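For reference, the structure is listed below as structure tokens.
Rule-based calculations on the coordinates, nothing more; no lab input. Predicted model only: the values in this text are computed from it and were never measured. Because the Cβ atoms are built from the backbone with ideal geometry, glycine has one as well, and the counts that use them run over all protein chains shown.
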Amino acid sequence: MILIVGGGSHGLSLAYHLHKMGVKDVVIIEKKRIGYGSSSRNAGRFRYHFYSKENVEFALKAIRYLESTAKELRYNALLYRSGYLWILSERHLDYFKKLHSLWASLGVGGKFVECREFDFLKAEGNCYFAPQDGAFHHDYILYSYFEEIRRDVKVIYGEVKGVVGEGKVKGVTTSDGRFIEGDKVVVTAGAWSSQIIPDLPIYPERKQIFITEDLKYKVKPLVIDVDKGAYLSQTLKGEIIGGVESTIERGYLPFTVSLEEAIKFLRIVRGLVRGAEGIGIMRGWSGYYEMTPDHSHIMGFSENWPEGLYVDAGYSGHGMMFSPFSGKLMAELIADGKRNKFFDVFSPDRFQKNRLVKEEMVI
């Protein structure tokens with residue numbers, strides 16, 4: 001019996017890929033509801049452009065797989081290439097020149113442009129445009145997976161408190177005193193994963209997202225103002241979606257939004273986007289980034305864990321776009337013992353062995 005702890009994008013992707021491989025006896029254990037956590041609280045974007053070579057290489061594989069697998073999903077994920085556009089100050093130019101060299105060497109180089117070339121922007125100076133990046137609708141991926149597996153994969157609702165087994169996994173215990181038997185346990189619980197495997201260095205950071213009233217569609221790329229710590233783009237409907245980094249909010253804080261953050265984001269939108277001077281906020285929400293010390297994800301198993309215990313979590317803000325590919329890799333590892341090279345790169349043991357994958361580009 002394979003127990004998957006967490007019914008978000010990574011848990012559902014794993015269950016979906018196991019189902020495609022003909023694996024039976026798979027159970028998902030979910031604390032609240034399918035898609036309760038970060039999987040349904042993100043901005044739905046994908047990118048190749050990271051600080052570390054390892055994450056760029058993972059993105060090259062993951063996005064190619066995301067694009068191919070989107071065609072077989074029950075629901076249209078509305079995946080398209082919109083680009084990412086960074087607004088740079090002088091002090092960021094050398095930093096981005098180094099990054100550009102890395103990205104170009106891996107086949108995903110962008111270009112330095114004058115910001116005024118994007119006529120929707122009230123910005124002068126230097127920008128960096130990466131046309132390969134894009135957007136998708138996360139819910140359609142999430143529920144496509146769920147629809148495919150719901151008749152064959154059992155979902156148990158309850159909060160997992162711990163894994164039972166020393167040399168070999170025997171199952172999990174829940175907060176209401178149940179013992180659920182399984183010889184393999186895969187923790188895909190996002191920001192809550194360290195509550196199940198205590199030595200996992202994963203912690204939550206609350207992030208807030210806002211959506212404005214709609215206006216004529218003009219902001220196709222995701223715009224990142226590096227100095228202001230803000231990002232924004234438009235939905236296909238014309239609403240401006242985004243957020244701003246002000247203070248780091250760590251811990252399991254309530255999923256609320258603040259008026260102060262909303263006003264700050266609104267001022268940035270009005271200051272950056274032509275024609276948005278009188279626009280208002282429609283709604284907002286918050287969710288967790290599942291952060292790790294090096295801001296890169298954790299997948300596979302540890303040499304120090306009981307046999308049969310696995311993890312796929314800690315994506316530090318870029319988990320949704322990677323979930324189709326990570327679910328495929330995890331399914332191949334668990335069902336067939338196929339160990340992709342990325343399991344060594346993103347191993348849970350890298351923190352003890354000082355093999356960190358330092359990632360500075362968290363958006």
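With 10 angstrom as the radius, rank Met291, Met361, Met1, Met320 by how many other C-beta atoms surround their C-beta, starting from the fewest. Please report the intermediate quantities before stating the final value.
Working: Met291 20, Met361 17, Met1 14, Met320 25.
Least to most surrounded, the residues fall as Met1, Met361, Met291, Met320.
Order 304-311, 108-115 from most to least packed using the mean count of other Cβ atoms within 10 Å. Each step should come with its number before you reach the end.
On the way: 304-311: 18.8, 108-115: 16.1.
The packing order, highest mean first, is 304-311, 108-115.
Give me the lysines in straight-line cross-link reach of Lys122: C-alpha distance below 30 Å, same-chain residues under 8 apart excluded.
Excluding near neighbours in sequence, the set is Lys97, Lys98, Lys111, Lys207, Lys216, Lys218, Lys220, Lys228, Lys237, Lys264.
For the pair Trp285 and Tyr217, how long in nm is the line joining their label points, each one 7 Å along Cα→Cβ?
So the label points at Trp285 and Tyr217 sit 2.2 nm apart.
Just from its helices, what would the mean residue ellipticity at 222 nm be for the chain, if runs of 4 or more DSSP H residues each count -39500 (n - 2.57) and the sum is divided by every residue, rounded to the nearest 500 deg cm²/dmol?
Numbers: 7 runs with 91 residues, N = 363.
It lands at -8000 deg cm²/dmol.
Treating only the Cβ atoms of Lys and Arg (+1) and Asp and Glu (-1) as charged, compute the dipole magnitude of the chain about its Cα centre; round to the nearest 20 debye.
On the way: 49 positive and 45 negative charges, 111 e Å.
So the dipole magnitude of the chain works out to roughly 540 debye.
Find, among the chymotrypsin sites (Phe, Trp or Tyr not before Pro) in the range 186-233, those assigned to loop by DSSP (not H, G, I, E, B) with at most 13 other beta-carbon atoms within 10 angstrom. If you can, show how the numbers build up before the last one.
Working: sites: Trp192, Phe210, Tyr217, Tyr231; in loops: Tyr217.
Counting only loop positions with at most 13 other Cβ atoms within 10 Å, the chymotrypsin sites (Phe, Trp or Tyr not before Pro) in the range 186-233 are Tyr217.
7 Å from Cα along Cα→Cβ at both Leu106 and Arg267: what's the point-to-point distance in nm?
Distance between label points: 3.6 nm.
To make sure I understand, if each residue's beta carbon is the centre and we count other beta carbons within 10 Å, what order do Leu142, Leu12 fall in, fewest to most? Mind showing how you got there, number by number?
Values: Leu142 23, Leu12 31.
Ordered from fewest to most neighbouring Cβ atoms within 10 Å, Leu142, Leu12 come out as Leu142, Leu12.
Using Cα atoms only, what is the angle between the long axis of helix 9-20 and the major principal axis of the chain, expressed in degrees (0 to 90) to the nearest 10?
60
What is the extension gain from Glu245 to Lys161, computed as 0.36 nm multiplied by their sequence separation minus the C-alpha to C-alpha distance, in nm to one decimal?
Fully extending the segment from Glu245 to Lys161 adds 27.0 nm.
Can you pull out the GluC sites (Glu not before Pro) in the range 30-88 that DSSP calls coil and that have at most 12 other Cβ atoms within 10 Å?
Working: sites: Glu30, Glu54, Glu57, Glu67, Glu72; in loops: Glu72.
Listed in order of number, the matching sites are Glu72.
Give the separation of the Cα centroids, the range 185-228 to the range 293-363, in Å.
18
Run the numbers for Lys32 and Val226: contour at 0.36 nm per residue of separation, minus the present Cα-Cα distance, in nm. If you can, show how the numbers build up before the last one.
Numbers: separation 194, 0.36 × 194 = 69.84 nm, distance 3.56 nm.
Gain on stretching Lys32 to Val226: 66.3 nm.
With +1 assigned to the C-beta of every Lys and Arg and -1 to the C-beta of every Asp and Glu, and no other charges, what is the dipole magnitude of the range 81-217 about the Cα centre in debye, to the nearest 20? Write down the numbers at each step before the final one.
Numbers: 18 positive and 20 negative charges, 50 e Å.
Dipole magnitude for the range 81-217 comes out near 240 debye.
Once fully extended, how much extra length lies between Tyr80 and Asp336, figured as 0.36 nm per residue of separation less the alpha-carbon to alpha-carbon distance? Intermediate values should be presented prior to the final figure.
On the way: separation 256, 0.36 × 256 = 92.16 nm, distance 3.30 nm.
Difference between extended and current length: 88.9 nm.
On C-alpha positions alone, give me the angle between the axis of helix 53-70 and the longest principal axis of the chain, in degrees, nearest 10.
Roughly 80 degrees between the two axes.
For helix 93-105, report the angle its Cα long axis makes with the longest principal axis of the Cα atoms of the chain; keep it between 0 and 90° and round to the nearest 10°.
Around 50 degrees separate the two axes.
So which GluC sites (Glu not before Pro) in the range 243-299 are both in a DSSP loop and have at most 10 other Cβ atoms within 10 Å of their Cβ? Could you put the intermediate results ahead of the total?
On the way: sites: Glu245, Glu249, Glu260, Glu261, Glu277, Glu290; in loops: Glu245, Glu277.
Answer by residue number: Glu277.
Out of (1) 20.5, 63; (2) 20.9, 73; (3) 22.2, 70, which label holds the value of Rg and Dmax of the Cα atoms in Å that was computed here?
Label of the calculated value: (1).
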